[in-house]
Amino acid sequence: MSNTPVVELRNVTKKIKGKPIVQHLSFSVQRGEVYGFLGPNGSGKTTTIRMIVGLSSITEGQILVEGHDITKSRSQAMAHVGAIVENPEMYGYMTGMQNLIHFSRMASTPISKERIMKIVELVELTHAIKQKVKTYSLGMRQRLGIAQALLHSPSILILDEPTNGLDPSGIRQLRDHLRYLAKQENISILVSSHLLSEIELMCDRALVIQEGKFIDEISIHNQPEEAANALSVEFEVDQAAAATAVLQDWQAKTGDHGKVTIMAEKSEIPRLVSLLVAQDISIYQIHIKTESLEDRFLALTKGGTQS
Amino acid sequence: MIFLRLVQNEIMKINSKRQSILFFSLLAGLVLITAIIIKAYISDLALVMNYLQFTMLTITIFGFLITLFGLILGAQIVTDEYKDGTIKQLLIRPSSRVSILFSKYLSVLIMITAAYFFLFVWSSLLGFIFFGAGEGLASAEKIPLLEEIGNLTFTVVFQFYLTELPSLFFLATLSFFTATIFKRSALALSVAIIAYFSGKVIGGLSQNYWWGEYIVFNHLPLYAYSDSVVIQRFSSPAYPELGLSFSIIILVLYFAIMLGSSALVFSKRDVA
């Protein structure tokens, strides 16, 4: 197993008619991880994904898939990519099976009938695979889309806004499915979304972009540990001014309605309470302000251009 | 190898569409009806006709349907992928864009040839059943055309079919080229149909100028060079002094320019 990232962007810029859509973007997706790509609508997510899958040209920079430069050795690079860009468009006038045969013929190495049947089973379409795709529901099309993307055992599955147009139960099914598939097939997944909740539930790490620029890379599962160091703790007391004086070593700030906010570790809280009590200050409420990913996202994108 | 699989895919897609099934059924039905009408109502003709003459007759009457089918295929094969959004699914795979484009082009030519072959075989079969393989129209008069029609051979009829192909390939290529460049199937179809109907006139007018000899329409009827009166279809070469090879060079040039620019545009274009 090599340590090279499955997908790597190096200083990628895309300009359309002189207008920069994506600027100096660099990131990499490691083997086996689910990587989120987060940004408000129009932030350049789709453009970036189009560049990775070879639908758009790259103005500057380099994109590597399994170490192959996608412009110089496109064929080798694309052999490792499975993708659904926006909606899972299929040939409605053919059956699900014909669609899969069609895409299997486009793979660089031959795909056996058994492999196709295994994937069909994996996405739970066995019952409908002989029907024309135009009779499929959106959820079924979505699953057929995943099937075509997985046929050739790619090392990266790229999904652009996969939950667009799905109802909540559909979204949930898709999410569970993807996590399951990532495990079963041992592949990395790059998933873009403007919905933070989606990214939060699906991904290990996420990149935040806005107006085509890198804003931050966040590690979703590590977040509680990170925050454990310095928590923002809010006390509600009867004498805010006095409390602030007592707690000035912990960067105390006085808020409205008798609220005092400090920065402290969790283990320090009991000691702070006894300090306040010793000064005869009454405490009504203590509240640890865990910063949600949502807050961080909005803070990062400065409220965002989201509608 | 992978290129052949791409062609296989394109042909599967063409044949899964309802319009292809309709087209072939229509063609088969019309030929059958023609045979029945001649047998039942034009008994004078039926008596003197054999399967070869019937086969000649069907291409003369229904050739334009195949032309129309070819032009529609050429106009749709790329634009439909854009319309359905499936173009993205094709271009995110290992095959290069140029090989995808040419697999589509080749499939159009194969389908046109297949349609001709189908018409030829079906007409011969029905002709044989309805009119037999006996003596054809015996002409008392010594008019070369009638004489030749009276003594048609299988080879002449087959060549007659084959010589329809170059100009149809040209029109289909024109349709394919326009569709690829502008992504508009209606426009492509219109351009090709206009060329189909006005090609001879444009060619004829251009012959008054020095550049007339570079106009493709003056070289498209390659059959004009044939020795057979039947295959010539009443035409003679526009520039007999330049010869068949010059005509072929002009045709190849036009094809190369259309296909080259299609490939260039298609491989450079960002897919939105």
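Numbers for the structure displayed
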| item | result |
| --- | --- |
| Given (1) surrounded by fewer than 20 Cβ atoms within 10 Å (Cβ to Cβ); (2) more than 14 Å from chain A (Cβ to nearest Cβ); (3) part of a helix (DSSP H, G or I), number of the condition B:G134 does not satisfy | (3) |
| Within the range B:18-124, helices (runs of 4 or more DSSP H) holding 1 or more residues that are modelled with pLDDT of 90 or more and within 14 Å of chain A (Cβ to nearest Cβ) | B:18-41, B:51-84, B:87-91 |
| Selection within the range A:88-102 - open to solvent by less than 10 Å² (accessible area, probe 1.4 Å) and either of a type in the set (D, E) or at the interface with chain B (Cβ under 7 Å from one of its Cβ atoms) (or both) | A:Y91, A:M94, A:H102 |
| Matching option when the condition is aliphatic (A, V, I, L, M) and either open to solvent by 60 Å² or more (accessible area, probe 1.4 Å) or farther than 30 Å from A:I199 by Cβ (or both), among A:I288, A:I283 | A:I283 |
| Number of the exception - A:V85 against (1) over 30 Å from B:K83 (Cα atoms); (2) in contact with a helix residue (DSSP H, G or I) (Cβ under 8 Å, 6 or more places away or on another chain) | (1) |
| Helices (runs of 4 or more DSSP H) fully within the range A:65-147 counting 3 or more residues that are among the hydrophobic types (A, V, I, L, M, F, W, C) and in contact with a strand residue (DSSP E or B) (Cβ under 9 Å, 6 or more places away or on another chain) | none |
| Residue selected from the range A:43-67 under the condition surrounded by fewer than 17 Cβ atoms within 10 Å (Cβ to Cβ) and within 14 Å of chain B (Cβ to nearest Cβ), by the criterion farthest from B:R97 (Cα to Cα) | A:T59 |
| Residues located in the range A:1-23, provided they are open to solvent by 10 Å² or more (accessible area, probe 1.4 Å), more than 18 Å from A:P40 (Cα to Cα) and within 14 Å of another protein chain (Cβ to nearest Cβ) | A:K15, A:I16, A:K17, A:K19 |
| Residue identified as hydroxyl-bearing (S, T, Y), open to solvent by 50 Å² or more (accessible area, probe 1.4 Å) and under 22 Å from the mean Cα position of the chain (by Cα) among B:S20, B:S25, B:S16 | B:S25 |
| Condition broken by B:E213, with the remaining ones in (1) acidic (D, E); (2) within 14 Å of chain A (Cβ to nearest Cβ); (3) in a helix (DSSP H, G or I) satisfied | (2) |
| Cβ-Cβ under 7 Å pairs, at least 6 apart or on other chains, the range A:105-117 side within 11 Å of chain B (Cβ to nearest Cβ) and closer than 12 Å to A:M78 by Cα, far side open to solvent by 50 Å² or more (accessible area, probe 1.4 Å) and modelled with pLDDT of 95 or more | none |
| The range A:6-60, residues that are touching a helix residue (DSSP H, G or I) at 6+ places or on another chain (Cβ under 9 Å), assigned to a strand (DSSP E or B) and more than 12 Å from A:L190 (Cβ to Cβ) | A:V12, A:K14, A:I16, A:I21, A:V22, A:L25 |
| Qualifying residue in the range A:150-171 (condition: at pLDDT 85 or above and surrounded by fewer than 18 Cβ atoms within 10 Å (Cβ to Cβ)) | yes |
| Check on A:R74, of a type in the set (D, E, K, R), out of contact with any Cys (no Cβ under 6 Å at 6 or more places or on another chain) and crowded, with 17+ Cβ neighbours inside 10 Å | yes |
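The rows are residues; the columns are (1) at pLDDT below 85; (2) in a loop (DSSP other than H, G, I, E, B); (3) open to solvent by less than 40 Å² (accessible area, probe 1.4 Å).
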position: B:F169; (1), (2), (3): no, no, no
position: B:T178; (1), (2), (3): no, no, yes
position: B:L187; (1), (2), (3): no, no, no
position: B:G199; (1), (2), (3): no, no, yes
position: B:A238; (1), (2), (3): yes, yes, yes
position: B:S245; (1), (2), (3): no, no, no
position: B:I248; (1), (2), (3): no, no, no
position: B:L253; (1), (2), (3): no, no, no
position: B:L259; (1), (2), (3): no, no, yes
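The values are calculated or read from the model by the stated rules, or taken from the named source; none is laboratory data. Since this is a predicted model, take the numbers as computed values, not measurements. Cβ: placed from backbone, ideal geometry, glycine included. Neighbour counts: every protein chain shown. Accessible surface areas use protein heavy atoms only, side chains included; no ligands, DNA or RNA. Shrake-Rupley method; radii C 1.70, N 1.55, O 1.52, S 1.80 Å.
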